[in-house]
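Each remark here refers to the structure printed beneath this line.
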Number of protein chains: 2
Amino acid sequence: MYKSTYHIFFSNLANPLRIKIISCLKEKARSVSELSQKIEEEQSKVSHALASLKSCNIVEAEQKGKQRIYSLNKKTILPILKLIDNHAQTFCGSKCVSCEICV
Amino acid sequence: MYKSTYHIFFSNLANPLRIKIISCLKEKARSVSELSQKIEEEQSKVSHALASLKSCNIVEAEQKGKQRIYSLNKKTILPILKLIDNHAQTFCGSKCVSCEICV
DNA sequence: TATACATATGAATAGAATTTCATACAAGTA
DNA sequence: TACTTGTATGAAATTCTATTCATATGTATA
């Protein structure tokens, strides 16, 4: 089936590790090994995940000596995350029973 | 691994059929069979997809006789799609080579 | 209540994405 | 140039997700 922009984009974000990385990069730009340590995941996993995020311009990289420093492209991501936060709050207050989001 | 709100939400959207359905519901609310015809997909696939979308409150359903009419919760989804459109435009103008989004 | 139409559901299978691990590459330093 | 450190990559193995299809449920109507 045809892969739309949306599908590519959402698939990229639909992954716990990549979300973790995004959260970690919200704070500040970091190298691969820094990220790897901080979130306690293997270097190669982190590299794969970063490559994926980069392929959608969700992060960008800058070489600095031996290290590659990744930073978050905040313009798109932060507002999206905010919208989801609001969504979750609206639909998953104390009363929510059915919604998967707050299980 | 822990499933965050974000992960659940994005996973739900990371699917071509569900995106198709969302697009179709932008226009107006529709029944399952209407959707099924319109997007030329099997009824049971559409039902499964709708159940998934509903579990995150992305769509809601209203019974109307034998039919169940699904409508899009536009408040969250439309602005997210717009952000992605802008993102794609910004990063994938005519010059874009590497980005998966515009391949 | 028997029938038809609309939708939902469960479970097996098929398909896709992730993890893992060995290894390659790249940049700096002795 | 050999060595070390940091990062990327490929491919097999694993895990996750979607599709399929048979069937169940739910709603109306003859």
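Scanning the range B:29-82 for residues that are charged (D, E, K, R) and either away from DNA strand D (no atom under 16 Å from the Cβ) or touching a Lys or Arg at 6+ places or on another chain (Cβ under 9 Å) (or both) gives B:R30, B:K38, B:E41, B:E60, B:E62, B:K74, B:K75, B:K82.
Of the residues screened, A:I22 is not one that is within 14 Å of chain B (Cβ to nearest Cβ), within 11 Å of DNA strand C (Cβ to nearest atom) and β-branched (V, I, T). Within the range A:64-90, residues that are within 26 Å of A:S47 (Cα to Cα) have Cβ atoms under 6 Å from residues that are outside any helix (DSSP H, G or I) and open to solvent by less than 20 Å² (accessible area, probe 1.4 Å) in these pairs: A:Q67/A:S31; A:I69/A:S31; A:Y70/A:V59; A:L72/A:V59; A:N73/A:I58, counting only partners at least 6 apart in sequence or on another chain. Would you confirm whether any residue within the range B:30-40 is closer than 28 Å to A:I21 by Cβ and within 12 Å of chain A (Cβ to nearest Cβ)? Among the residues of the range B:30-40, not one is closer than 28 Å to A:I21 by Cβ and within 12 Å of chain A (Cβ to nearest Cβ), which makes the answer no.
Can you name every residue in the range A:25-57 that is away from DNA strand C (no atom under 13 Å from the Cβ), open to solvent by less than 50 Å² (accessible area, probe 1.4 Å) and in contact with a strand residue (DSSP E or B) (Cβ under 8 Å, 6 or more places away or on another chain)? Spell out how you get there, then give the answer.
Residues of the range A:25-57 away from DNA strand C (no atom under 13 Å from the Cβ): A:25-30, A:34-35, A:37-38, A:54, A:57.
Within this subset, residues satisfying the condition of being open to solvent by less than 50 Å² (accessible area, probe 1.4 Å) are A:25, A:29-30, A:35, A:57.
Result: A:L25, A:A29, A:R30, A:L35.
Scanning the range B:70-86 for residues that are surrounded by fewer than 18 Cβ atoms within 10 Å (Cβ to Cβ) and farther than 20 Å from A:T5 by Cα gives B:S71, B:K75.
The values are calculated or read from the model by the stated rules, or taken from the named source; none is laboratory data. Since the structure is predicted, the reported quantities are computational estimates derived from the model, not experimental observations. All Cβ positions, even for glycine, are placed from backbone atoms using ideal geometry, and neighbour counts span all protein chains on display. In case anyone asks, the SASA skips ligands and DNA or RNA and just uses the protein heavy atoms, side chains included. Shrake-Rupley method; radii C 1.70, N 1.55, O 1.52, S 1.80 Å.
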